[in-house]
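Enquirer: Handing you a structure now.
Readers should treat all values here as calculations from the given coordinates under stated rules, not as data from a laboratory. This is a predicted model, so every value here is computed, not measured. Using ideal geometry, Cβ is built from the backbone for each residue, glycine included, and neighbour counts are taken over all protein chains shown.
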Amino acid sequence: MNTLYITGAGVSAASGIPTFRGEDGYWTIGSKNYTPMEMATRAMYQNNPREFLAWYYHRFATYRHHGPNEVHHWLSDKNLITQNIDGLDGKAGNTDFIAIHGRLDQMTLFHHQGDDVMAFNAPWDKVNEDNLHHSLLEVFNINNESPKLNESFKPYVLLFDEYYTELYRISEAQQRMLDADKIVFIGTSFSVNITQMALDIARSQGTPIEVVDPDPTHVFHPNVTYHKMTALEYVQQQG
């Protein structure tokens, strides 16, 4: 059977990475002056890269050395699309997973959306926390307080006011959804576009789905099985 796994932040909770919408989640905690929904935008990066990069660094980059857990290792040989940008599936050995929202450990040239660019390793270790704002602007090649197209760099992450492009392998992700005999959603709140896209395809194709979550979101689908448990409990049950 061709089973497609689509994972969210619940999968990385056992690695000590906060979920996005929990009490300590990334989207719950803003900066001093902005909410997370305002911070994680292309507009903020363009207009206030100092604030954007500092928020991004504290919320994401400080977790860059966390390692994969048992769930990531179990998924290492699976057909996988993850919403997570922590890169832990790659650390666990999955060589063909789709990081549909990008990866924390990489960056790209700052480009028009849809342009053909490559992602490459981000030099987080060069950031000097004693002079954080200046150091981040230097690492991302931003002068005069504003990023320049095709000169400056941008974290390889899909922001709220951006859309899925081939940089994020969206066509391949859709094809995997179409080809799947079953889709298993693990640790996701179904609050992002990619999960809605997968649900729409599953409904149109008659593909059975499973939902793994301690407090699962009930979805409109004629053939769904709920596993009211953590990702770790599910994996241990699978053996």
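Enquirer: Skipping prolines and chain starts, which residues have an amide H placed within reach, meaning under 5 Å, of the one on residue 226, given they are 5 or more residues away or on another chain?
Expert: Sorted by chain and number, the residues that satisfy this are 211.
Enquirer: Kindly provide the pair-distance distribution of region 91-148 built from C-alpha pairs, with 5 Å bins from 0 and whole-percent values in order of increasing distance.
Expert: Answer for region 91-148: a P(r) of 4, 14, 20, 23, 17, 12, 7, 2, 0 percent.
Enquirer: Starting from 0.36 nm per residue, how many nanometres of slack lie between residue 151 and residue 228 once their C-alpha separation is accounted for?
Expert: That works out to 23.0 nm of additional length.
Enquirer: Taking H placed 1.01 Å from N in the peptide plane, check which residues at least 5 places from residue 156 or on another chain put their amide H under 5 Å from its amide H.
Expert: 103, 106, 107, 108
Enquirer: Return the FRET efficiency for the residue pair residue 219, residue 143: r is the Cβ-Cβ distance, R0 is 41 Å, and the value is rounded to the nearest 0.05. Kindly include the intermediate steps, with their values, before the conclusion.
Expert: Details: r = 47 Å, r/R0 = 1.15.
E(calc), rounded to 0.05, equals 0.30.
Enquirer: Moving on to the next point. Using alpha carbons only, what's the Rg to Rh ratio of the chain with Rh from Kirkwood?
Expert: 0.97
Enquirer: What ranking of 152, 204 emerges when the number of other C-beta atoms within 10 Å of each C-beta is taken as an exposure proxy, fewest first?
Expert: Ranked by crowding around the Cβ, least crowded first: 204, 152.
Enquirer: Using the number of other C-beta atoms within 10 angstrom as an exposure proxy, rank 6, 170 with the fewest first. Could the numbers behind the result be given before it?
Expert: Numbers: 6 28, 170 18.
Ranking 6, 170 by Cβ neighbours within 10 Å, fewest first, gives 170, 6.
Enquirer: Next question. If amide H atoms are built 1.01 Å from N in the plane of the peptide, which residues on other chains or at least 5 residues away come under 5 Å of the amide H of residue 165?
Expert: Excluding prolines and chain starts, which carry no amide H, the hits are 170.
Enquirer: Based on a Kirkwood Rh over C-alpha pairs, give the Stokes-Einstein translational diffusion coefficient of region 179-239 at 10 °C and viscosity 1.306 mPa s in µm²/s.
Expert: Answer, rounded: 134 µm²/s.
Enquirer: Something else now. Given DSSP loops and a limit of at most 16 other Cβ atoms within 10 Å, what is the longest stretch of the chain that contains no such chymotrypsin sites (Phe, Trp or Tyr not before Pro)? Please list the in-between numbers first.
Expert: Numbers: sites that count: 34, 160, 163, 220.
Formally, the longest exposed-site-free interval is 35-159.
Enquirer: Further question on the same structure: Taking the convex hull of the Cα atoms, report for region 46-89 its projected area averaged over all directions, in nm².
Expert: Values: hull surface 16.0 nm².
That works out to 4.0 nm².
Enquirer: Indicate the gyration tensor shape class of region 67-166 (rounded, prolate or oblate), computed on the Cα atoms with a ≥ b ≥ c the square roots of the eigenvalues: a/c under 1.5 is rounded; otherwise a/b larger than b/c is prolate and the rest oblate.
Expert: Here region 67-166 falls in the oblate category.
Enquirer: For every other residue with a beta carbon closer than 12 angstrom to the beta carbon of residue 214, add +1 if it is Lys or Arg and -1 if Asp or Glu, then tell me the sum.
Expert: -2
Enquirer: While we're on this one: Hey, with R₀ at 41 Å, roughly what FRET efficiency would residue 35 and residue 77 work out to, going by the Cβ-Cβ distance, to 0.05? Intermediate results must be reported in sequence, preceding the final value.
Expert: Numbers: r = 39 Å, r/R0 = 0.95.
Efficiency at R0 = 41 Å is approximately 0.55.
Enquirer: Quick check for me: using +1 on Lys/Arg Cβ and -1 on Asp/Glu Cβ, what's the dipole size of region 83-239 about its Cα centre, in debye to the nearest 20?
Expert: Value, rounded to 20: 360 debye.
Enquirer: Taking the radius of gyration and the Kirkwood hydrodynamic radius from Cα positions alone, what is the Rg/Rh ratio for region 133-239, to two decimal places? Walk me through the numbers on the way to the answer.
Expert: Values: Rg = 19.0 Å, Rh = 16.7 Å.
Using only Cα positions, Rg/Rh for region 133-239 is 1.14.
Enquirer: Relative to the longest principal axis of the chain, what angle (0 to 90°, nearest 10) does the C-alpha long axis of helix 49-59 take?
Expert: The angle comes out at about 40 degrees.
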